[in-house]
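Visitor: There's a structure below that I have some questions on.
The values are calculated or read from the model by the stated rules, or taken from the named source; none is laboratory data. Just so you know, these numbers come straight off a predicted model, no measurement behind them. FYI the Cβ positions are ideal-geometry reconstructions off the backbone, even for glycines, and counts take in every protein chain you see. Ligands, DNA and RNA are stripped out before the accessible areas are found, and what is left, the full protein with its side chains, is counted by its heavy atoms. Shrake-Rupley method; radii C 1.70, N 1.55, O 1.52, S 1.80 Å.
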Amino acid sequence: MRVHPSQLVPGCILLREVMGKTNRPIIPKHTVLKELHIHVLQRFLVDFVDVSPKLSDGEPYVPEEKIQMDVIHENNQAKDSFADLYLKAVKEYKKWFSNWQAGSPINIQTIRNTIVPLLEAGVESNNHIVKLHHYSTKDEYLYHHSVSSALIASFLAKKMNLERGEWIQVGLAALLSDCGMAKIDPKILFKQGSLTEAEYDEVKQHPKHSYRMVESIPALSKGAKLGILQHHERLDGSGYPFALKSEKLHIFSGIIAVSDMYHAMTSERLYRAKQSPFKVLEEMMKAQFGRFNHEIVQTFITHMTNFSTGTKVKLSNNDLGEVVFIESSQPTRPMVRLQQNEEIIHLKNHLDVYIEEVVG
């Protein structure tokens, strides 16, 4: 059935992908809508969407009367939500990036005015962080990645008990870690297929470009600048651009490295499909040794899997259920009571099934 976004409720299932005003997809078909999706559709002024006559839980969907959009706008203007702040930041970052491509310097005060309020909102709850992958699109990945990495890095830095000034510096560093991509040939930057070895070698120079663009900005700390330069380095020396090892890496670079990898793996890109956040966390648990700082990875996983008993989850096989018990040694694989038949399964014994996402 075809309805206005104001008539949607969480659990509605899209039958067709939603296209924006620029004729680019906003939300793919078959998505089970959440409050975040509905808010985005309203903010993008989408006229209508096609949804299933049944909700994701099998109950019939009966749309309520259309809500007047001027009321929605009035409510939105009263207080910017996290989604408002995020979408504004991505829009602004895209403008900044275009200016950098044209040779303009970084205006750190303008960036702070937009980004700091978003970082302050983002560190309050892991719910914001675990849902970031819903925003990004493959065509706009570059801009979403920088903003999302900033949010994840500042959240992680705060959970590691860094002071406010430090986690803001980490967030700003993560945001600007890819600013040097503006110096890369756009034909390489936005190439649809796989990069050649020579093209990849050029991309691997972007941390140097980023550092040169920020090195004279006094509002960024030394740690932030090193975080930008080193965010693709790894403890075992397998990273780039200098193949540095653990003793030479600043902790800010380790925080940004984990944040960068997590968002990249959970996002849809031009050449790679996105993965479930919880599947990515499992892969991070396996791959952390030798390459990433153990304390940083463990802190991130602990706070991203901070499930409480009764948390509603959707599994990779589309089953819905609620968390009933969590083992600290395997936080991504709790015991789940299935909604359909009340059966309790322990995900550690069902390795082919994982949590797709938290739904309530």
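Visitor: State yes or no: is Val324 open to solvent by 30 Å² or more (accessible area, probe 1.4 Å), at pLDDT 90 or above, more than 29 Å from Ser246 (Cα to Cα) and hydrophobic (A, V, I, L, M, F, W, C)?
Guide: So Val324 passes the test.
Visitor: Here's something else I'd like to know. Scan region 296-317 and tell me whether some residue there is at pLDDT 90 or above and touching a Ser or Thr at 6+ places or on another chain (Cβ under 6 Å).
Guide: Taking every residue of region 296-317 in turn, none turns out to be at pLDDT 90 or above and touching a Ser or Thr at 6+ places or on another chain (Cβ under 6 Å).
Visitor: Shifting gears a bit: Here are some residues: Ser125, Ser148. Which one is open to solvent by less than 40 Å² (accessible area, probe 1.4 Å), out of contact with any strand residue (DSSP E or B) (no Cβ under 6 Å at 6 or more places or on another chain) and at pLDDT below 90? Write out each step before concluding.
Guide: Numbers: Ser148 fails: at pLDDT below 90.
None of the other options fit; the residue is Ser125.
Visitor: Here's a follow-up. Being open to solvent by 20 Å² or more (accessible area, probe 1.4 Å) and closer than 21 Å to Arg269 by Cβ narrows it down to one residue among Leu189, Leu235, Leu226, Leu176; which is it?
Guide: Values: Leu235 fails: closer than 21 Å to Arg269 by Cβ; Leu226 fails: closer than 21 Å to Arg269 by Cβ; Leu176 fails: open to solvent by 20 Å² or more (accessible area, probe 1.4 Å).
On inspection, the qualifying residue turns out to be Leu189.
Visitor: In the set Ser149, Ser177, Ser154, which member is farther than 15 Å from Glu92 by Cβ, touching a Phe, Trp or Tyr at 6+ places or on another chain (Cβ under 7 Å), hydroxyl-bearing (Ser, Thr, Tyr) and touching a residue at least 24 places away in the same chain (Cβ under 8 Å)? Spell out how you get there, then give the answer.
Guide: Details: Ser149 fails: touching a Phe, Trp or Tyr at 6+ places or on another chain (Cβ under 7 Å); Ser177 fails: touching a Phe, Trp or Tyr at 6+ places or on another chain (Cβ under 7 Å).
Exactly one residue qualifies, and that residue is Ser154.
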